[in-house]
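Can you read through this structure? Questions will come right after.
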Amino acid sequence: MKNLEGGILKRVNIGICGLGTVGSGTFNVLKRNVDEINARANSQIEITHIGARRENPLCDTAGIKVSRDIFDVANDPDVDILVELIGGTSVALDLISQALRNGKHVVTANKALIAEHGNTLFELAREHKATLSFEAAVAGGIPIISALREGLAANKVEWLAGIINGTGNFILTEMRDKGREFADVLAQAQELGYAEADPTFDVEGIDAAHKLVILAAIAFGAPLQFDKVFTEGISNVLPEDLTYAQDLGYQIKHLGIARRRDSGGIELRVHPTLVPSAQLIANVDGVMNAVLVKGDAVGSTLYYGPGAGSEATASAVIADIVRVSRSIGVASDNHIPHLGSIDSKLQEPYVLPITEVETAYYLRMSVLDRPGVLSTVTQILSDAGISIEALVQKEPNEGEPHVPVILLTSRAIEKRLVGAIEEIEKLDTISDKIVRIRVEHLN
Ligand SMILES: NC(=O)c1ccc[n+]([C@@H]2O[C@H](COP(=O)([O-])OP(=O)(O)OC[C@H]3O[C@@H](n4cnc5c(N)ncnc54)[C@H](OP(=O)(O)O)[C@@H]3O)[C@@H](O)[C@H]2O)c1
């Protein structure tokens, strides 16, 4: 195969560290589609070194150097691109740092590492004239990083909202469709290999927060600010809320939302959210991911696809390998900025505390079935400047004096709503805590 200029293809040597789910997918897709990948990379890509503690029967490594110590790959002078697929934030941090210090380009799928240590690693990469690419770190196979960084480069991004954790989406979908309890579906997700053995990152929103912060940094030209994300998981969502929301024309989705505020600052938040059923993103079910981006020029665009899986994630890893291979040998000034904007333009925006964020709300309360009670509730909301868009009173259960009442409110600043809820909860006609879920129309 001749290169773009009619000469011999330049050779790019790849070292893969970690031969697990994504590592084996990357290895096998690179081998299977080698001709197409080389043609697109304008390079001859060769896997020359594997760092893995053990063999993976899915990968035929005959003829390839294999080291049990992954740092041998980072120190191998023949490796041009190190692909980090071990995960975690300790050894992976040392490994990537070592590779960058040795002047190697690095490709990773590690969202936790990029979200928490990306700013430092990008600095190290620049110092050593290397690049650190992370397309696979967000939404698996969906090329959302390059869509934001390149495809939407003309736009001021107003906001983005994404279903960016497939495990959480699978759990909510099963709970809604089958009326199953959270813990029951979580156990199944673990059996199916969707959820981690320790599922906290998935169900408490930490994994989604890692991804959101990466998307927001690129969308808003800001450094990564993981410690500023407001994070609420799905473990308190009940099957009845999914049903009531659906009856009102909404779906409950676990969304990561980043929004630029006209008054200055940005919102960074992950939480269960009611979304109108008519929105395409509300119909993204099971383990699938989707990201909705609103740009000032293009309007709304939606990116949908598998957010995880061996070869789906490998697809994004290899896209980075192709991109980096193309740039090897090209003047470093032509490299793509890690977060899409040149460093001197990255500005750390003020991130609004959740108490200052304005959304509409779904409220479910247990109300004594007696005349006049609801008018007291609506008066308290009205005094806080909050109006009611919809109100549904359910039938009481046999012998039960309280009835479930569901309200959809107008948009309100969170601290005003919280104040009103505290007052309502003090009424002796209300039993239990009020369930509160934010509502976004995503227009
Ligand atoms: N799975 C997905 O669908 C997906 C999607 C997007 C992003 N990611 C990201 O991709 C990365 C890899 O995930 P994965 O699902 O492929 O994980 P995985 O299946 O657990 O594979 C990780 C591999 O790395 C190896 N490893 C871990 N620490 C090591 C060390 N110190 N030295 C040598 N080998 C080591 C493990 O070896 P042992 O078997 O010996 O422990 C294992 O083979 C993570 O950052 C993850 O967040 C995964």
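Laboratory data are not the source of any read-out in this text; all were calculated from the coordinates shown. These numbers come from a predicted model, not from an experiment. All Cβ positions, even for glycine, are placed from backbone atoms using ideal geometry, and neighbour counts span all protein chains on display.
Enumerate the calculated ³J(HN,Hα) couplings along segment 428-443 in order (Karplus 6.51 cos²θ - 1.76 cosθ + 1.60, θ = phi - 60°), each rounded to whole Hz, writing x wherever the residue is Gly or Pro.
7, 8, 10, 10, 6, 6, 7, 7, 10, 10, 6, 10, 10, 8, 6, 8
Right, here's the next one. Can you sort D320, D78 from fewest to most other Cβ atoms within 10 Å of each residue's own Cβ?
Numbers: D320 26, D78 11.
Ranking D320, D78 by Cβ neighbours within 10 Å, fewest first, gives D78, D320.
So which trypsin sites (Lys or Arg not before Pro) in segment 1-70 pass both tests, a DSSP loop state and at most 13 other Cβ atoms within 10 Å of the Cβ?
On the way: sites: K2, K10, R11, K31, R32, R40, R53, R54, K65, R68; in loops: R53, R54, R68.
Listed in order of number, the matching sites are R53, R54, R68.
Karplus couplings for segment 100-112 from phi (6.51 cos²θ - 1.76 cosθ + 1.60, θ = phi - 60°), rounded to Hz, Gly and Pro as x?
Per-residue couplings from phi come out as 5, 4, 7, x, 8, 6, 10, 10, 9, 10, 8, 5, 4 Hz.
List the pairs from K156/K415; K10/K294; K31/K345; K156/K433 whose alpha-carbon separation is above 32 Å, in the order I gave them.
K10/K294; K31/K345; K156/K433
Let me know the charge dipole size of segment 31-127 about its Cα centre in debye, to the nearest 20, where only the beta-carbon of Lys, Arg (+1) and Asp, Glu (-1) is charged.
Here segment 31-127 has a charge dipole of around 180 debye.
Additional query: Fewest first, what order do M288, M365 take by the number of other Cβ atoms within 10 Å? The partial results should precede the final answer.
Working: M288 20, M365 25.
In order of increasing Cβ crowding within 10 Å: M288, M365.
For S366, S410, what's the fewest-to-most ordering of other Cβ within 10 Å of each Cβ?
Taking fewest neighbouring Cβ atoms as first place, the list is S410, S366.
Along the charge dipole of segment 179-306, pointing to its positive end and built from +1/-1 on Cβ of Lys, Arg, Asp and Glu, which listed residue (L238, F182, A217) has its Cα farthest out?
Value computed over the given set: A217.
Is there a pair in K178/K253; K178/K211; K394/K426; K65/K104 whose C-alpha atoms are over 20 Å apart, and which pairs would that be?
From the list (K178/K253; K178/K211; K394/K426; K65/K104), the Cα-Cα distance tops 20 Å for K178/K211; K394/K426.
What nm value, rounded to one decimal, do you get for the distance between L427 and D60 when each label is placed 7 Å out toward the C-beta?
Once both label points are built, they end up 7.2 nm from each other.
Out of the GluC sites (Glu not before Pro) in segment 6-82, which ones are loop residues according to DSSP with at most 14 other C-beta atoms within 10 Å? Let's see the in-between values first.
Working: sites: E36, E46, E55; in loops: E55.
Here the GluC sites (Glu not before Pro) that fit, given the DSSP loop and packing criteria, are E55.
A further question follows. Cα centroid distance between segment 348-364 and segment 123-139, in Å?
Cα centroid to Cα centroid, the span is 31 Å.
For segment 214-351, list log₁₀ I(q)/I(0) at each q in 0.11, 0.20 Å⁻¹, using the Debye formula over Cα point scatterers of equal strength and ignoring solvent, two decimals each.
-0.57, -1.39
Obtain the nm distance between the two label points defined at H128 and E389 by a simple spin-label model: each point lies 7 Å from its Cα along the Cα-to-C-beta direction.
It is 5.1 nm.
Separation of segment 371-429 and segment 1-70 by C-alpha centroid, Å?
Distance between centres, Cα-based: 60 Å.
Given +1 on the Cβ of Lys and Arg, -1 on the Cβ of Asp and Glu, and no further charges, what dipole in debye does segment 149-305 carry about its Cα centre, rounded to the nearest 20? Walk me through the numbers before you get to the answer.
Numbers: 13 positive and 21 negative charges, 154 e Å.
The calculated dipole for segment 149-305 is roughly 740 debye.
Roughly what % antiparallel, to the nearest 5, for the DSSP beta bridges in the chain?
On the way: 51 of 77 bridges.
For the chain, the DSSP antiparallel bridge percentage is about 65.
Shifting gears a bit: I need two numbers for segment 1-159: Rg to one decimal and Dmax as a whole number, Cα atoms only, in Å.
Rg, Dmax (Cα atoms, Å): 16.1, 50.
List residues of segment 54-95, by number, whose backbone nitrogen lies under 17 Å from a label position 7 Å along Cα→C-beta of K10.
Under cut-off, by backbone N: 78-82.
Report ³J(HN,Hα) in whole Hz for each residue of segment 212-219, in order, from the Karplus equation J = 6.51 cos²θ - 1.76 cosθ + 1.60 where θ = phi - 60°; Gly and Pro get x.
Result, ordered by residue: 4, 5, 5, 4, 5, 4, 6, 5 Hz.
With only Lys, Arg, Asp and Glu charged, each at its Cβ (+1 for the first two, -1 for the last two), find how big the charge dipole of segment 393-432 is about the Cα centre; round to the nearest 20 debye.
Computed charge dipole of segment 393-432: roughly 360 debye.
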